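Peer 1: Questions regarding the structure given below will be posed in turn.
The values are calculated or read from the model by the stated rules, or taken from the named source; none is laboratory data. Everything numeric in this text was worked out from a predicted model, so none of it was measured. Virtual Cβ from ideal backbone geometry, glycine too; neighbours counted across all protein chains shown.
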Amino acid sequence: MAALTTPMVDKPLVIAGREFRSRLMVGTGKYASPAQMTEAIEASGAEVVTVAVRRVDLARRDAGNILNHLDPTRYFLLANTAGCYNADDAIRYARLGRAAGFNEWVKLEVIGDEGTLLPDTAGLIEATRVLAAEGFQVLAYTNDDLITALRLESAGAAAVMPLASPIGSGLGLLNPYAIRTIKTRLRVPVIVDAGVGTASDACVTMEQGVDGILMNTGIAAAGDPVRMANAMRLAVEAGRNAYLARRMPRREIAVPSSPVDGMLE
Amino acid sequence: MAALTTPMVDKPLVIAGREFRSRLMVGTGKYASPAQMTEAIEASGAEVVTVAVRRVDLARRDAGNILNHLDPTRYFLLANTAGCYNADDAIRYARLGRAAGFNEWVKLEVIGDEGTLLPDTAGLIEATRVLAAEGFQVLAYTNDDLITALRLESAGAAAVMPLASPIGSGLGLLNPYAIRTIKTRLRVPVIVDAGVGTASDACVTMEQGVDGILMNTGIAAAGDPVRMANAMRLAVEAGRNAYLARRMPRREIAVPSSPVDGMLE
Amino acid sequence: MAALTTPMVDKPLVIAGREFRSRLMVGTGKYASPAQMTEAIEASGAEVVTVAVRRVDLARRDAGNILNHLDPTRYFLLANTAGCYNADDAIRYARLGRAAGFNEWVKLEVIGDEGTLLPDTAGLIEATRVLAAEGFQVLAYTNDDLITALRLESAGAAAVMPLASPIGSGLGLLNPYAIRTIKTRLRVPVIVDAGVGTASDACVTMEQGVDGILMNTGIAAAGDPVRMANAMRLAVEAGRNAYLARRMPRREIAVPSSPVDGMLE
Amino acid sequence: MAALTTPMVDKPLVIAGREFRSRLMVGTGKYASPAQMTEAIEASGAEVVTVAVRRVDLARRDAGNILNHLDPTRYFLLANTAGCYNADDAIRYARLGRAAGFNEWVKLEVIGDEGTLLPDTAGLIEATRVLAAEGFQVLAYTNDDLITALRLESAGAAAVMPLASPIGSGLGLLNPYAIRTIKTRLRVPVIVDAGVGTASDACVTMEQGVDGILMNTGIAAAGDPVRMANAMRLAVEAGRNAYLARRMPRREIAVPSSPVDGMLE
Amino acid sequence: MPTSTLVTIRLNGETRDVPMGWTLSTLLADLGLDARLIVVERNREIVRDRNAFDEVTLLDGDVLELVHFVGGG
Amino acid sequence: MPTSTLVTIRLNGETRDVPMGWTLSTLLADLGLDARLIVVERNREIVRDRNAFDEVTLLDGDVLELVHFVGGG
Amino acid sequence: MPTSTLVTIRLNGETRDVPMGWTLSTLLADLGLDARLIVVERNREIVRDRNAFDEVTLLDGDVLELVHFVGGG
Amino acid sequence: MPTSTLVTIRLNGETRDVPMGWTLSTLLADLGLDARLIVVERNREIVRDRNAFDEVTLLDGDVLELVHFVGGG
């Protein structure tokens, strides 16, 4: 049926001048196998995929290299700075990621605490400033604090990535109000990153008006990651369209959907 | 891309031996124009569409007849008994609907209260029994009470249709626990009917494991009904797939999605 | 301090012409010991306590008799029909309870399903009608369906007792909208019964405007039942007063609580 | 009744070595009249009341001075730095407040944005460090970010005051998970400040285990502020006791509260 | 036209006089309605067989309900 | 004691032989139960008047239920 | 009064001329303010010692802020 | 092999002796690594130009980090 294959018209997602059709970005961690990862990413429809920068395990040579499984001409690789606990480390990892030669983008993480993986916002703002000045396109993973988001924008972030809930928690969108407020106030794109656990989390997040979602564990740790990737793709598109379509008002009284006149006697 | 046009494999929805590919059913009321209705239904991907039985308005002749705008060879028409406040009236309307000649199905409503349009469950069970005995396939619109749902199944309902929230309210899924419990306990299909206000409502409803959703106002009263119909189609499919994929467990602690080893020194 | 011992003025709770100062009613089941039960009930401030009607265990003689531990001149005993799965049984137990000689009241339960302990509303309405005609004051434990609540009122119930969530589940108030709607539409008192798991559940339930709450497991299964009984007493009073005081409007923008003028330069 | 006047034993709230019996702190802004304020504060049972530092309005002389209506020997005055948008201003106001001569405490606010009144955490941490070094007892109003809370503790805050939701919004506890996490990780007291709109908000906030709550608008903007103050007092005590009593586990199946044996035949 | 040639029926809630001898088909044609899209209830009984519309003559006191499908949810 | 002097009753779900001529009061005393705390149902009818317990003689085939209040919610 | 006998100060954001030689105490008395309820900031420094209000003479160009506690949250 | 012909480097956190005169290219070849997939940081500076790997001779005390992209979120 034509309707199923013709997506509704929407502006592309534009970050740092680059256009994307998909508003779902995915990570590449925690899959049972590279094959499962590849299939899930394909099912997700994502164009942007995140990767981590790590030492080569010399005992395994190239084995752990994600590029053995991901075609960098097909996917836009977004290196992250996961695991960095201060601005200096994050800057170092960002530079290493850039030196891989694919692009000048970085998903910037400066973690403040091991138990929650919440960002150290002071370090994050500082690293954003440094890296933006070096020509990086910084996508900054942050908490759901508006003020920090505004500071990141001022520091030169190309996109701001507030969390739905802590990384890997699957707790969903804990504070829709905060995310909605951030979206309303920023000019750069807002991509919600982390905490999305299932499709309805993705859907309700997009309904707040944000520009996209990045997720990893919600897909990789599902019972069937490939099917969940597909569900997430659909959910992001559903939530985006629902936002654009403007939902009906809530009413505390019922309103018939069938006519009240024309009843028989 | 192949992934976008190949939907994930799922069992068809089977009600009374009849198979449907879409798990979204839609109403035909409250649209701004017949053209908008037609376009929205097409965008929804629905196969089953509900219609009401009403007197011909003699001053307008055939003008109000929905069949001027809906192709009954393309859509499966499901006559409802909306507006009926007792079992006898509902039975009368059901018989009139069947006499239209399309099928033996009825979306049975026996309303108990004008302000909330909540069902009169006693009348509903009675009408279900009578109509099932007459060979009807009864899809019974009911509240979210498990016991009533079990009684409807015993009375011969082909499907049970608990509400998410009152008709036309858009309040979403008020009691996921109740819906989940009903689904767990019934053998006949469970189609949630009424109250879905936006895509995430549809998505989270399907994630409870129910077999489908019927909606009208959530689409027709959106700012852009055609786009919302598309959103609802995607959301139902997303929620269904997320349910089948089995979501990740929720955790109150964060878990990194990037490796914790291989960090530089 | 005077304020701490002078409760705010409120109308008494009146059921069937009888006045109560406390809006919290408590059960007597599931305590670790009779002493714990007695202490918890005292801490709850309840005047109405429910009891079950059961066979004397001849091997234990009077040992299980709750009256060994409860002073019937101090507490108003409300016999229940817990464990009854049809109207006839419930009527039989109600009559036995009345024959104990304390009062003509019954907390009427007609259970429809062992797994959820949800009421069989048809049997409940029937038993209410029979018992009300016999002069009972029927407090009917029901689900959160408005139509059933209206039918119970019509059948002569002295009070209607919708659930917050299933008996013993501790899931709290699953559907505040439904409870609020029932309260708005009934003339007889509405006492929420079952499902309250902690103090905030009790508080938010009272804020819907209902007349009182009955609970058992929320207190008896807490780590420290006596302290929880006290918490519940306070929470019911807090919720009641908050309802009467009419809460501030919610606003999606912040409003300073300190003056914005008079700042230094 | 003895039970009503004997509060359950609880450790006092201790901040900076000072003990308080009440865990509810209240503001003094936005009341219709000084008399209403005084009465509401008394009904709240609060010992700590916040005040703002502002220029004398020379046209009105002492008229606006809160000390005309509050007895500083009865209440512990906590000066705030509301209205300050950077660390320097906040430090200046804190010093002015201290110079009033009552105590060395300050409720420190460094606001980052006029629309949301959310804190500027960088400025807040800096001002906390400066003031703590000057001997102030700093109670720092902050967002619900754990990392910021940890930094404030390290900077010398005597208590950390995360918000429930924005000042004056009445949106309640938007992110219980975040607040619970902060409480778990900090050694200094955690007092939730701002956003509590009604009694159940206060109750559920205390159930997260925090040490206290500070509120203003939730009381002052209620229909009946004095009654709401009483409700808040009760709700804080209820939530505290429920936390200490350890709530029953939630169960998705029902469990009878009356015995299942001893039924008649 | 003498009144004796009319019969009085109740049609969709309104009283109406129609010429004696009219059938359901005559009536539907007069009303401009397509019989295939209509269900006719006559004196609380559905006239199931549309081919029989020609043969059902309207009688004085008949209560008719002409119904069809309209938009509804 | 010859069996002819016993009657067989059903008491709280169990079959029991008691001496012919026993009244409800005799039975309750034998069971060590306080009549004031008990409700007696005999052959599906409640024996409302506790003062009548002395006068109700147990008959062969009687079905008795002795109930009281226990803890419940 | 010759202008030479006045000093110009900034008082709570407004420019004001006061007689030369006035102290803080004179000013507060003139304004009808109770010194015990007021905190005085003079040229960005708090005058901590209220007993010193008698001894602090107002000088031309002084910037004074008189503050107190008002209702706030 | 006399020790004087070796240099000691730190490679991905481990101390390792390599023959004097080895370049980055020699090392990578020895390790079986594809230079195009690797980023080399030497003494905290990234060796950006992969064509220069032939010309960078390993010196005693060099600290090398060889990194690449792995799966991450």
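Peer 1: Looking for something without any contact (Cβ under 8 Å) to a residue 60 or more places away in the chain and either over 26 Å from C:ALA35 (Cα atoms) or within 14 Å of chain G (Cβ to nearest Cβ) (or both) - is there at least one such residue anywhere in the range C:219-230? Break it down stepwise before answering.
Peer 2: Of the residues in the range C:219-230, the ones without any contact (Cβ under 8 Å) to a residue 60 or more places away in the chain are C:222-224.
From the residues that got through so far, the ones that are either over 26 Å from C:ALA35 (Cα atoms) or within 14 Å of chain G (Cβ to nearest Cβ) (or both) too are none.
No, the conditions are met nowhere in the range C:219-230.
Peer 1: Moving on to the next point. Name the one entry in D:ARG74, D:ARG98 that is closer than 25 Å to D:VAL14 by Cα, away from chain C (no Cβ under 14 Å) and either surrounded by fewer than 18 Cβ atoms within 10 Å (Cβ to Cβ) or at pLDDT 95 or above (or both).
Peer 2: Exactly one of D:ARG74, D:ARG98 is closer than 25 Å to D:VAL14 by Cα, away from chain C (no Cβ under 14 Å) and either surrounded by fewer than 18 Cβ atoms within 10 Å (Cβ to Cβ) or at pLDDT 95 or above (or both), namely D:ARG98.
Peer 1: Now, a different point. Could you please give the count of residues in the range A:105-137 that are within 14 Å of chain D (Cβ to nearest Cβ), within 17 Å of the chain's Cα centre (by Cα) and under 15 Å from A:ALA159 (Cα atoms)?
Peer 2: Looking only at that region, the number is 1.
Peer 1: Restrict the check to the range C:145-168 and report whether at least one residue is among the small types (Gly, Ala, Ser), on the phi > 0 side of the Ramachandran plot, outside any helix (DSSP H, G or I) and surrounded by 24 or more Cβ atoms within 10 Å (Cβ to Cβ).
Peer 2: Scanning the range C:145-168 turns up at least one residue that is among the small types (Gly, Ala, Ser), on the phi > 0 side of the Ramachandran plot, outside any helix (DSSP H, G or I) and surrounded by 24 or more Cβ atoms within 10 Å (Cβ to Cβ).
Peer 1: Please go through the range D:53-71 and give me each residue that is more than 12 Å from chain C (Cβ to nearest Cβ) and buried (at least 18 other Cβ atoms within 10 Å of the Cβ), ordered by number.
Peer 2: D:LEU67, D:LEU70
Peer 1: Give the range F:43-70 a look and list any residue that's within 12 Å of chain C (Cβ to nearest Cβ), not in a helix (DSSP H, G or I) and not aromatic (Phe, Trp, Tyr), or say none.
Peer 2: Passing the criteria: F:ARG44, F:GLU45, F:ILE46, F:VAL47, F:ARG48, F:ASP49, F:LEU64, F:GLU65, F:LEU66, F:VAL67, F:HIS68, F:VAL70.
Peer 1: Is the range B:117-126 home to any residue that is in a helix (DSSP H, G or I) and modelled with pLDDT under 95?
Peer 2: There is no residue in the range B:117-126 that is in a helix (DSSP H, G or I) and modelled with pLDDT under 95.
Peer 1: Given the conditions (1) away from chain E (no Cβ under 13 Å); (2) surrounded by 17 or more Cβ atoms within 10 Å (Cβ to Cβ); (3) farther than 23 Å from B:ILE125 by Cβ, report the number of the one that B:VAL9 does not fulfil.
Peer 2: Status for B:VAL9: all satisfied but (2).
Peer 1: Looking at the range D:200-218, which of its residues are without any contact (Cβ under 8 Å) to a residue 60 or more places away in the chain and not charged (D, E, K, R)? Before you say what the answer is, go through the steps one by one.
Peer 2: Our first condition is that a residue be without any contact (Cβ under 8 Å) to a residue 60 or more places away in the chain; within the range D:200-218, this holds for D:200-201, D:203-205, D:207-210, D:218.
Passing the criteria: D:SER200, D:CYS203, D:VAL204, D:THR205, D:GLN208, D:GLY209, D:VAL210, D:GLY218.
Peer 1: Now for a separate question. Return the residues of the range D:37-93 that are among the hydroxyl-bearing types (Ser, Thr, Tyr) and over 21 Å from D:MET228 (Cα atoms); say none if nothing qualifies. Spell out how you get there, then give the answer.
Peer 2: Quick first cut of the range D:37-93, residues among the hydroxyl-bearing types (Ser, Thr, Tyr) only: D:38, D:44, D:50, D:73, D:75, D:81, D:85, D:93.
Answer for the range D:37-93, where residues must be among the hydroxyl-bearing types (Ser, Thr, Tyr) and over 21 Å from D:MET228 (Cα atoms): D:THR73, D:THR81, D:TYR85, D:TYR93.
Peer 1: A further question on this structure: Quick test for you: out of C:THR81, C:THR50, pick the one residue that is within 16 Å of the chain's Cα centre (by Cα), facing another protein chain (nearest Cβ under 10 Å) and in contact (Cβ under 8 Å) with a residue 60 or more places away in the chain. Steps first, answer last, please.
Peer 2: Values: C:THR81 fails: in contact (Cβ under 8 Å) with a residue 60 or more places away in the chain.
From the options C:THR81, C:THR50, the qualifying one is C:THR50.
Peer 1: Got at least one residue in the range A:22-38 being closer than 16 Å to A:ARG240 by Cβ, modelled with pLDDT of 95 or more and more than 14 Å from chain H (Cβ to nearest Cβ)?
Peer 2: Within the range A:22-38 (the criterion being closer than 16 Å to A:ARG240 by Cβ, modelled with pLDDT of 95 or more and more than 14 Å from chain H (Cβ to nearest Cβ)), the answer is yes, since at least one residue qualifies.
Peer 1: A further question on this structure: Just checking, which of B:ARG61, B:ARG92 is without any contact (Cβ under 8 Å) to a residue 24 or more places away in the chain and at negative phi?
Peer 2: Among B:ARG61, B:ARG92, only B:ARG92 is without any contact (Cβ under 8 Å) to a residue 24 or more places away in the chain and at negative phi.
Peer 1: Another question about this same structure. List the number of the failed condition for D:LEU264; all other conditions in (1) more than 21 Å from D:MET37 (Cβ to Cβ); (2) in contact with a strand residue (DSSP E or B) (Cβ under 8 Å, 6 or more places away or on another chain); (3) more than 7 Å from every other protein chain (Cβ to nearest Cβ); (4) not acidic (Asp, Glu) hold.
Peer 2: Looking at each condition in turn, D:LEU264 falls short on (3).
Peer 1: Among (1) out of contact with any helix residue (DSSP H, G or I) (no Cβ under 7 Å at 6 or more places or on another chain); (2) modelled with pLDDT of 95 or more, where does B:ARG233 come up short?
Peer 2: All conditions pass for B:ARG233, except number (1).
Peer 1: Now for a separate question. Scanning for something aromatic (Phe, Trp, Tyr) and in a strand (DSSP E or B), does the range A:104-114 turn up at least one residue? Steps first, answer last, please.
Peer 2: Our first condition is that a residue be aromatic (Phe, Trp, Tyr); within the range A:104-114, this holds for A:105.
With the extra rule that they be in a strand (DSSP E or B), the set shrinks to A:105.
Yes: the range A:104-114 contains one or more residues that are aromatic (Phe, Trp, Tyr) and in a strand (DSSP E or B).
Peer 1: Out of the residues in the range B:174-218 meeting the condition of being of a type in the set (D, E, K, R) and away from chain E (no Cβ under 13 Å), tell me which one is surrounded by the most Cβ atoms within 10 Å (Cβ to Cβ).
Peer 2: B:ASP201
Peer 1: Filtering the range D:233-256 down to residues that are touching a Gly at 6+ places or on another chain (Cβ under 7 Å) and in contact (Cβ under 8 Å) with a residue 24 or more places away in the chain, which residue is nearest to the other protein chains (Cβ to nearest Cβ)?
Peer 2: So, considering only residues that are touching a Gly at 6+ places or on another chain (Cβ under 7 Å) and in contact (Cβ under 8 Å) with a residue 24 or more places away in the chain, the one nearest to the other protein chains (Cβ to nearest Cβ) is D:ARG247.
Peer 1: Okay, moving on. Can you tell me how many residues within the range H:25-42 are within 7 Å of chain A (Cβ to nearest Cβ) and either within 17 Å of A:ASN68 (Cβ to Cβ) or not in a strand (DSSP E or B) (or both)? Spell out how you get there, then give the answer.
Peer 2: Here is the first cut: in the range H:25-42, the ones within 7 Å of chain A (Cβ to nearest Cβ) are H:31-34, H:37-39, H:41.
After this cut, where a residue has to be either within 17 Å of A:ASN68 (Cβ to Cβ) or not in a strand (DSSP E or B) (or both) as well, the list is H:31-34, H:37-39.
Total meeting the criteria: 7.
Peer 1: Name every residue in the range B:245-265 that is of a type in the set (A, V, I, L, M, F, W, C) and either touching a His at 6+ places or on another chain (Cβ under 8 Å) or crowded, with 21+ Cβ neighbours inside 10 Å (or both), in order of residue number.
Peer 2: Answer for the range B:245-265, where residues must be of a type in the set (A, V, I, L, M, F, W, C) and either touching a His at 6+ places or on another chain (Cβ under 8 Å) or crowded, with 21+ Cβ neighbours inside 10 Å (or both): B:ALA245, B:MET248, B:ALA254.
Peer 1: Under 8 Å between Cβ atoms, which residue pairs at least 6 apart in sequence (or on different chains) link something in the range G:31-57 that is farther than 10 Å from D:ALA99 by Cα with a partner that is assigned to a strand (DSSP E or B) and of a type in the set (Lys, Arg)?
Peer 2: Short answer, once both residue conditions are applied: G:VAL56/G:ARG42.
Peer 1: Scan the range E:4-17 residue by residue and report those that are over 22 Å from A:GLY262 (Cα atoms) and either surrounded by 15 or more Cβ atoms within 10 Å (Cβ to Cβ) or touching a residue at least 60 places away in the same chain (Cβ under 8 Å) (or both).
Peer 2: E:LEU6, E:VAL7 - these are the residues of the range E:4-17 that are over 22 Å from A:GLY262 (Cα atoms) and either surrounded by 15 or more Cβ atoms within 10 Å (Cβ to Cβ) or touching a residue at least 60 places away in the same chain (Cβ under 8 Å) (or both).
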